[in-house]
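Comments concern the structure below.
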Amino acid sequence: MRTYTGGCHCGAVRFTVELDLEQTVVCNCSHCGKKGFILSATPKEKFTLEQGEEVLTDYFFNKKAIRHPFCSVCGVQAFSEGITYPGMMVNVRCLDGVDTDTLSPSHYNGKDV
């Protein structure tokens, strides 16, 4: 685990998170696939929203088991929060200084969930 900072494109949303980037995933569900996410999971207590709560807009779909907040200014979704599971999923592409080309994400079949 290492501490990272990250945020949306315009900088209105900023967060700090502890993640293990040796464990990343690419999900093929309709939501993740269309957005091109590379995700890493962490417990909620390892995630701190530093700024921008007032500009976040929530998106829910399907079983509404995951809260998908996105920045209402630039539209970027930097993280999601489990409603029926206890964790956060962070969009690794939104972390500062991380070269995603060096990662080896596993693949998750979200289409069948």
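The values are calculated or read from the model by the stated rules, or taken from the named source; none is laboratory data. Keep in mind the model is a prediction, meaning the values are calculated, not measured. FYI the Cβ positions are ideal-geometry reconstructions off the backbone, even for glycines, and counts take in every protein chain you see. For the accessible areas, the whole protein counts, side chains as well, though only heavy atoms, and no ligand, DNA or RNA atoms are used. Shrake-Rupley method; radii C 1.70, N 1.55, O 1.52, S 1.80 Å.
Please indicate, with yes or no, whether at least one residue in region 36-47 is assigned to a strand (DSSP E or B), of a type in the set (A, V, I, L, M, F, W, C), open to solvent by less than 50 Å² (accessible area, probe 1.4 Å) and in contact with a strand residue (DSSP E or B) (Cβ under 9 Å, 6 or more places away or on another chain).
yes
Which ones in region 59-113 are closer than 17 Å to V17 by Cα and among the polar types (S, T, N, Q)?
Q77, S80, N91, T100
Going by the structure shown, is V98 outside any loop (DSSP other than H, G, I, E, B), modelled with pLDDT of 95 or more, surrounded by 11 or more Cβ atoms within 10 Å (Cβ to Cβ) and in contact with a strand residue (DSSP E or B) (Cβ under 9 Å, 6 or more places away or on another chain)?
Taking the combined requirement at face value, the residue does not satisfy it.
I'd like the full set of residues that are surrounded by 15 or more Cβ atoms within 10 Å (Cβ to Cβ), outside any strand (DSSP E or B) and either out of contact with any Phe, Trp or Tyr (no Cβ under 6 Å at 6 or more places or on another chain) or on the phi > 0 side of the Ramachandran plot (or both), limited to region 75-86.
Hits for region 75-86 are V76, A78.
Return the only residue of R93, R14, R67, R2 being modelled with pLDDT under 95 and basic (K, R).
Unique residue meeting the criteria: R67.
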